[in-house]
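Working notes for the structure below.
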């Protein structure tokens, strides 16, 4: 709008890699503390992990778990909104959204630096895998892929399973978001870690670096950490941390450890988007005339 | 078709990483020799690098270069077709296609094991960058993204610049191709190698591994190698080799060196596609209802 200040081209982002407890109030308190620390370290944006208020709730199907959902705006965004306004920081707050009775979403609220919810993104791709029973809880998003104009510039957010879909990153970047956040809850089945752990973590990092490269934009992935066994029984899930930020060439510029909480502060230079895209002008040459098939489920059915 | 033999689920692929000379006949002779060697080592498919008949012709804009183009089918596919038929090997032969006067394409011919051209793919995304003046030479492909049923199974091929576009890999995989080939001619500007070389090579490898992960398919990239200075003057281009094969988790299972010719033989187990996609069922959850914007050039224009 006329007279609006130009967003910065250099900024710090703060990725809050958290270990969750069974107490939603304690998790919110931790998140508030970490966002304040991020602001104190100069971050213009802080991003929390997916569903940061709770232990990863989709390890089992339990109707009582819906009690953990909340409205958006609601308690989480209000508490974080106060911090955002007081410290002038943008906050990405992923919450278990109760939209109506029987209608829930896995949502990321983008809270602008004035404390108001600038908009929400509802996770579009919903997984369902043993111990990740998200289709039981979450209706797939109906708001599409989105970019948000914040005090820190135009950003995008997607959530976890979205990170495996180049379509989501592309559609968000095409809306002008030069910095994509992926709040996440991903980990190993403990029985698989020894055999597949390294490959799975590397695939997760690689495909998101690929989104940065394909779109010539920055990518920030924010994961939780720690072994969670909500029933106190069974193997649980070991969330693998390794939150990271990569530049428009896919170079990882900051990465958190895999076994502990971390507040990862990274310098982001949005001028790199212009520089990289000038040298590797992929957007110039997209064959938009030939991409219609991307809206098909499959194109290889037998005749 | 009824009675057709079931393609193998385990096969060897041969990636022919070549150093080109100024003599197209010599390059063809080398290619024939390497395809024979690949067959002797058990490869069911051999893939040659992009534009394997010549030095990389787009380092400069020169009307006489069009003399190097040929019809498809034509001399290159006939010579390689004889080898294919004699040895029962599928060959991917990337050629400078002369379609009509003033109409040329950067094409990959898929020669089946009977020696016939099963079909052609015309490079869809055409780059234009200093010393990669391809828009001068090549009309963008008009056949779309394609899969081909060969004796070795249903495969796809794309060419070089296509490798930066997730859309191309997706559209080919959606047609049932479980093994994607990317014949390539990519290298460093010598002046940039020290500063950017590692990042550029890594980005190239990363985004293609990302296509394998996103689609749960195998990917094989086949590059040329060596410094080429077609005029004997100027810095030229240093093609970086590093041809590789990765599995559906993006794990690189075979990789060629960066500074010499190589015949890279890799074992491909197509059953891994089923296994990986069952565990990471990304195709199940694509939001085809929300991907319409992918056919737009840009979605972030100011109102």
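The values are calculated or read from the model by the stated rules, or taken from the named source; none is laboratory data. Model, not experiment: these values are computed from the prediction. For neighbour counting, all protein chains shown are included, and Cβ atoms are generated from backbone atoms with ideal geometry for every residue, glycine included.
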The residue that is nearest to the other protein chains (Cβ to nearest Cβ), considering only those in region B:253-302 that are part of a loop (DSSP other than H, G, I, E, B) and exposed (fewer than 13 other Cβ atoms within 10 Å of the Cβ), is B:297
Exercise. Return yes when residue A:245 is more than 14 Å from chain B (Cβ to nearest Cβ) and either closer than 30 Å to residue A:36 by Cβ or assigned to a helix (DSSP H, G or I) (or both) and no when it is not.
Key: yes
All-but-one check, residue B:282 against (1) farther than 21 Å from residue B:168 by Cβ; (2) touching a residue at least 12 places away in the same chain (Cβ under 8 Å), failing number (1)
The number of residues in region B:286-303 that are touching a helix residue (DSSP H, G or I) at 6+ places or on another chain (Cβ under 7 Å) and more than 16 Å from residue A:292 (Cβ to Cβ) is 1
In region A:222-232, anything part of a strand (DSSP E or B) and either within 14 Å of another protein chain (Cβ to nearest Cβ) or out of contact with any helix residue (DSSP H, G or I) (no Cβ under 8 Å at 6 or more places or on another chain) (or both) is listed as A:222, A:225, A:226
Checking A:216, A:176, A:250, A:234 in turn, the sole residue that is on the phi > 0 side of the Ramachandran plot and at pLDDT below 95 turns out to be A:234
Checked region A:124-145 for anything crowded, with 18+ Cβ neighbours inside 10 Å, touching a strand residue (DSSP E or B) at 6+ places or on another chain (Cβ under 6 Å) and either farther than 17 Å from residue A:184 by Cα or at the interface with another protein chain (Cβ under 10 Å from one of its Cβ atoms) (or both); matches are A:141
Within region B:204-218, of all residues that are within 15 Å of the chain's Cα centre (by Cα), closer than 14 Å to residue B:158 by Cβ and part of a helix (DSSP H, G or I), the one nearest to the other protein chains (Cβ to nearest Cβ) is B:207
Output for Cβ contacts, cut-off 8 Å, separation at least six or different chains, first residue within 8 Å of chain A (Cβ to nearest Cβ) in region B:163-187, second modelled with pLDDT under 95 and surrounded by 24 or more Cβ atoms within 10 Å (Cβ to Cβ), reads none
Of the candidates A:91, A:72, A:35, the one satisfying the condition of being closer than 25 Å to residue A:154 by Cβ, touching a strand residue (DSSP E or B) at 6+ places or on another chain (Cβ under 8 Å), part of a loop (DSSP other than H, G, I, E, B) and touching a residue at least 12 places away in the same chain (Cβ under 8 Å) is A:72
Taking region B:75-88 and keeping only residues that are out of contact with any strand residue (DSSP E or B) (no Cβ under 6 Å at 6 or more places or on another chain) and either farther than 22 Å from residue B:180 by Cα or part of a helix (DSSP H, G or I) (or both), one is left with B:75, B:78, B:79, B:82, B:83, B:85, B:86, B:87
- request: Consider residue B:49 carefully, then state whether it is in a loop (DSSP other than H, G, I, E, B) and surrounded by 15 or more Cβ atoms within 10 Å (Cβ to Cβ).
  value: yes
